[in-house]
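Q: After the structure tokens below, expect a handful of questions from me.
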Amino acid sequence: MAAASALAATAVLAVAWCTRSALVACDDLAQPAPSKTQAQSDSPSLPSISHLNPSLIDDVNAPMRYRMETYIKLLQHRIVTALQKTEPGTKFIVDQWQRKEGGEGISCIVQDGQTFEKAGCNISVVHGKLPLGAIKQMNSGRINARLDYRFEGPDAEIDSMPFVALGLSLVVHPVNPFAPTVHFNYRYFEISHPPTLKDGSPNPRYDPANPTQPAAWWFGGGTDLTPIYLFEEDAKHFHATLRDAAAQHDSAFYPAWKRWCDEYFWLPHRSENRGVGGVFFDDLTVPGTWGQAEGKRREKKEFLALLETKQQSGPAAAASGGAGLAPAIASSSRQHDVESLFRTVRSMGDSFLPSYLPILERRRQTPYDARHIAWQGIRRGRYVEFNLAYDRGTKFGLATPGARIESILMSLPLKARWEYMHPVSGSGAIGRGGATAPGEHSGDMADSEEEKMQQVLRSPREWV
Amino acid sequence: MASPIPVCVVGYGSSARTFHIPYILSMPHLFRLHSIQQRPNSTSGPPASKDHPEIAIIPSFDEVFASLPKPGLIVISSANSTHYPFAAQALQAGYHVVVEKPITWRHSEALHLAQLAKEQGLVCASFNNRRWDGDFLTVQSLLNPPASKPDQPSALGTATYFESRFDRFRPWSKGGWREESGFNEGGGLLLDLGSHLADQLLTLFGPPSHLTAFVRNQRGQLAPRVDDDFMILLSYPTPSNPLPPSSPGSGTRLGSGLRALLGATCLSTHVDGEQPRFRVEGTRGSYEKRGVDPQEAQLKAGRKPNDSNDESFGMYGTEDPDSVKLGRLTTSTDAGQEAMPADPTAGRGKATAPVQPRLATSDVPTLPGRYDVYWQNVGDAIRAAEAARSGGAEAAHAAVQATLEVKPEQAADCIKLLCLARKSSVEGRSVRWTEEPELDVKEGKENVLYWD
């Protein structure tokens, strides 16, 4: 499923067509967003939300894709408003476009400000048809087995399925080297039944009264903090806010997702984490509701598998309860249905401002000099290395024809710095293949703030 | 080290003649039978010199070290009471060892052998060949996800009940050394057959949380301290994983863990050796198998392992009845559906009934038995240890741990299980895995088997 979500994340970073000047009609599935594009010169600093209906979010009878879309657009507005308040000079620019196949993108970007070197908060809604090859790739074949269609052979029933992917993502790179970079993404992915089969006959699983009843769906997301200089209280505050937000819904979420985040944002070629972590989750769904025609199935509650580790056998499997060769999986401590998962994702999205704004406020006016700027450049370089070499969304995006490169690379900082044989972060650090013990260097780099930051990145810590 | 490993087999009893020497001889690229240690006028078997005229016969164990080169392997196949002392001496002298089970009946001694092997960077492998019984390999494969599709669930799902027995029909006792000594002397059925059952269980599921055992002298023909019947009930921790999608009960979480039953008796009345051997119940299916693995009988009949003229070694033959040859596998073809809450428009608020999964059943063949894999693995581990020897004992030990399947730490856990079973039976209570395995034997009560 990770491949599927990468695909989705890509989509969320803007795949497919876009036009900046044409007025493109929304397709009949994407609803309230107005078909308007903004020219650069008269751009307002906030996207329009007056057409949105907030009560849709809590309407259990409304299709989830509209509820999630409403939520993320309102969240984007709240976040950009709050961030704008901390940026005195420069206004956010709003860039909005429609997609030819249905869907849209709304980017809010500011760069070269007084608080923000570069910050972006983007909505992406993508409609499309997921081809057979992509369906088969998902989840190593588990998804296509559970979708209850004949995909193989000459009498394959369908060769693609409609999908929608929508999400909100944000990256903030502050000017001040003591203020950390932060990133988040929250997304929803849905595959639905096509109205007709490959041979043109009506699809029995398609319900015209419920045309967007999902065949498969899941949430994904996460947020992580990438400081330039380490302030333990900032990391603790960030993690505590996330933990409290997740704990409202299940005490097992934060521990599993914190670990998943540490594993995901790891740079193997540097043997270090990108930052001090956060949470990361994918494939958040109730498998028992998939492929069900009756609306009643949406109420199904299940315990969820949260995290998989490598396949184990024998006595190691006994640690997971003598289950007999099953992989060790963290389980949710309660049963969940689609509503509780949507509430969870909303709690996580809503926790962004309380988790990050206090840190930004605390640090953004700290005095700094050239040395701090240089180290900031080095740390930004690591950020770039991760995003270009390992981040799945970026890699898929760049590989997809017709992709909107500007949005895919929005996460990259304005400036970055690579020094040959850097004494703290590179091979110039004594102890990395050198003769002396790690952590010992001469000069002003010894026991420095830079070294403290570097140490923390080497292995994940429990912050709360 | 490309040259074959020289091997000295200590003891020339039925085990050495059936299970050890034929395999050593069948793998000349890996092993070279260097010598056999057999006491003169030994009653354990015929004179070894008659069967192996060109092999050196060593009259006493102490003399083995003088002649066997290093690196070398000593296979300890002599009386049970010699297993631990001989193994300890051999390891201290720098030889790899294979030790017949039971390697000892004191947990502290088993731990000591593991410690010696670690310090010396040597292989110390208990002879748990039955991990390569064909029926056990079949059970293992049914509990594992399919090899070609590792993300699919296993045929049986999560194991909920595991029964494993070695039953015979011997209403008249055979006599012989096995039936003369009690547990404290290395005799009895619990140590003899319980070793295999315990090792297989621990291999599949690891150690239990607690167990309750009944160890008895059932036939009443042997000395009262000699057990010829036992039953061990074991309980495992509750699994934390929710049942996966497409499993019956998907999305729910089991409230209790695996229950296992190990047993052996001499009063199990069946023809054709079709006593029940395995019964495994899981969340998706079940498997039952009767009869025992055919390799022992084939070896005793003189058939050779790894013989290119004997392709069907390790498999049941046409003469074996189907009741023994095949196992009965039942699996679910779908997950069914749980009861759904009442539809408010349906009136009277009745819930819809659950739909139980449909099941399919068939008789399935048994995988071939592969005792040769045990020997191949021991040889590979010895080779790995010697290749790493230049890095010291630590490097050799790491190489052994990475290669050897039957580790001495596992053998120690086996012994612990059997000691705890004895303790449970003597004290008349359930015991936890975390308890002290050594029995606190009261004066005059050394030979008690059962609390009653």
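Q: Could you check segment B:253-277 and list, in sequence order, the residues that are in contact (Cβ under 8 Å) with a residue 24 or more places away in the chain, of a type in the set (A, V, I, L, M, F, W, C) and more than 13 Å from chain A (Cβ to nearest Cβ)?
A: B:Leu261, B:Leu262, B:Ala264, B:Cys266, B:Leu267
Q: Would you mind stating whether B:Ser250 is of a type in the set (Gly, Ala, Ser), at the interface with chain A (Cβ under 7 Å from one of its Cβ atoms) and over 22 Å from the mean Cα position of the chain (by Cα)?
A: Yes: the conditions hold for B:Ser250.
Q: Which members of segment B:114-137 meet the condition of being touching a residue at least 24 places away in the same chain (Cβ under 8 Å), more than 14 Å from chain A (Cβ to nearest Cβ) and assigned to a helix (DSSP H, G or I)?
A: Selection gives B:Ala114, B:Leu116, B:Ala117, B:Lys118, B:Glu119, B:Gln120, B:Asn129, B:Arg130, B:Trp132, B:Gly134, B:Asp135.
Q: While we're looking at this one, here's another question. Of all residues in segment B:356-394 being hydrophobic (A, V, I, L, M, F, W, C) and part of a loop (DSSP other than H, G, I, E, B), which is nearest to B:Arg32 (Cα to Cα)?
A: B:Ala388
Q: So, in segment B:154-171, of the ones that are at the interface with chain A (Cβ under 9 Å from one of its Cβ atoms) and not β-branched (Val, Ile, Thr), which residue ends up nearest to B:Leu243 (Cα to Cα)?
A: For segment B:154-171, the residue satisfying everything is B:Gly157.
Q: Of (1) of a type in the set (Ser, Thr, Tyr); (2) in a strand (DSSP E or B); (3) more than 22 Å from B:Glu296 (Cα to Cα), B:Ser148 satisfies all except one. Which?
A: The single condition B:Ser148 does not satisfy is (2).
Q: Could I ask something else about it? Looking at segment A:86-109, which of the residues that are of a type in the set (Asp, Glu) and under 22 Å from A:His127 (Cα atoms) is surrounded by the most Cβ atoms within 10 Å (Cβ to Cβ)?
A: A:Glu104
Q: Further question: Looking at segment A:65-97, which of its residues are assigned to a helix (DSSP H, G or I) and touching a strand residue (DSSP E or B) at 6+ places or on another chain (Cβ under 7 Å)?
A: The answer is A:Arg65, A:Met68, A:Glu69, A:Ile72, A:Lys73, A:Leu75, A:Gln76, A:Ile79, A:Val80, A:Leu83.
Q: Okay, moving on. Out of the residues in segment B:278-300 meeting the condition of being within 16 Å of B:Tyr371 (Cα to Cα) and outside any helix (DSSP H, G or I), tell me which one is farthest from the chain's Cα centre (by Cα).
A: B:Pro294
Q: Determine if segment B:319-333 includes at least one residue that is buried (at least 17 other Cβ atoms within 10 Å of the Cβ), part of a loop (DSSP other than H, G, I, E, B) and modelled with pLDDT of 95 or more.
A: yes
Q: In the set A:Phe253, A:Phe265, A:Phe280, which member is without any contact (Cβ under 8 Å) to a residue 60 or more places away in the chain, aromatic (Phe, Trp, Tyr) and not assigned by TED's automatic domain parsing to the domain that holds A:Asn387?
A: Going through A:Phe253, A:Phe265, A:Phe280 in turn, just one is without any contact (Cβ under 8 Å) to a residue 60 or more places away in the chain, aromatic (Phe, Trp, Tyr) and not assigned by TED's automatic domain parsing to the domain that holds A:Asn387: A:Phe280.
Q: Out of the residues in segment A:236-281 meeting the condition of being under 22 Å from A:Glu385 (Cα atoms) and more than 19 Å from the chain's Cα centre (by Cα), tell me which one is surrounded by the most Cβ atoms within 10 Å (Cβ to Cβ).
A: Among those residues, the one meeting the criterion is A:Glu272.
Q: Could you tell me which of the residues B:Ser141, B:Ser173, B:Ser250 is assigned by TED's automatic domain parsing to the domain that holds B:Arg279 and outside any loop (DSSP other than H, G, I, E, B)?
A: B:Ser141
Conditions (1) in the same structural domain as B:Leu329 (by TED's automatic domain parsing); (2) at pLDDT 95 or above; (3) on the phi > 0 side of the Ramachandran plot, marked per residue:
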| site | (1), (2), (3) |
| --- | --- |
| B:Ala381 | no, yes, no |
| B:His397 | no, yes, no |
| B:Lys416 | yes, yes, no |
| B:Ala421 | yes, yes, no |
| B:Glu427 | yes, no, no |
| B:Val431 | yes, yes, no |
| B:Glu438 | yes, no, no |
| B:Asn447 | yes, no, no |
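Q: Filter segment B:408-452 for residues that are under 17 Å from B:Arg106 (Cα atoms), charged (D, E, K, R) and either assigned to a loop (DSSP other than H, G, I, E, B) or more than 24 Å from the chain's Cα centre (by Cα) (or both) and give the result.
A: B:Glu435, B:Glu436, B:Glu438, B:Asp440, B:Lys442, B:Glu446
Q: Determine, yes or no, whether B:Leu222 is outside any strand (DSSP E or B) and either free of Cβ contacts under 8 Å to residues at least 40 places away in the same chain or away from chain A (no Cβ under 14 Å) (or both).
A: So B:Leu222 passes the test.
Q: Residue by residue through segment B:196-208, note down the ones that are touching a Ser or Thr at 6+ places or on another chain (Cβ under 8 Å) and away from chain A (no Cβ under 14 Å).
A: B:Leu197
The values are calculated or read from the model by the stated rules, or taken from the named source; none is laboratory data. Because the structure is a prediction, the values reported are computed rather than measured. Cβ atoms come from the backbone with ideal geometry, glycine included; neighbour counts cover every protein chain shown.
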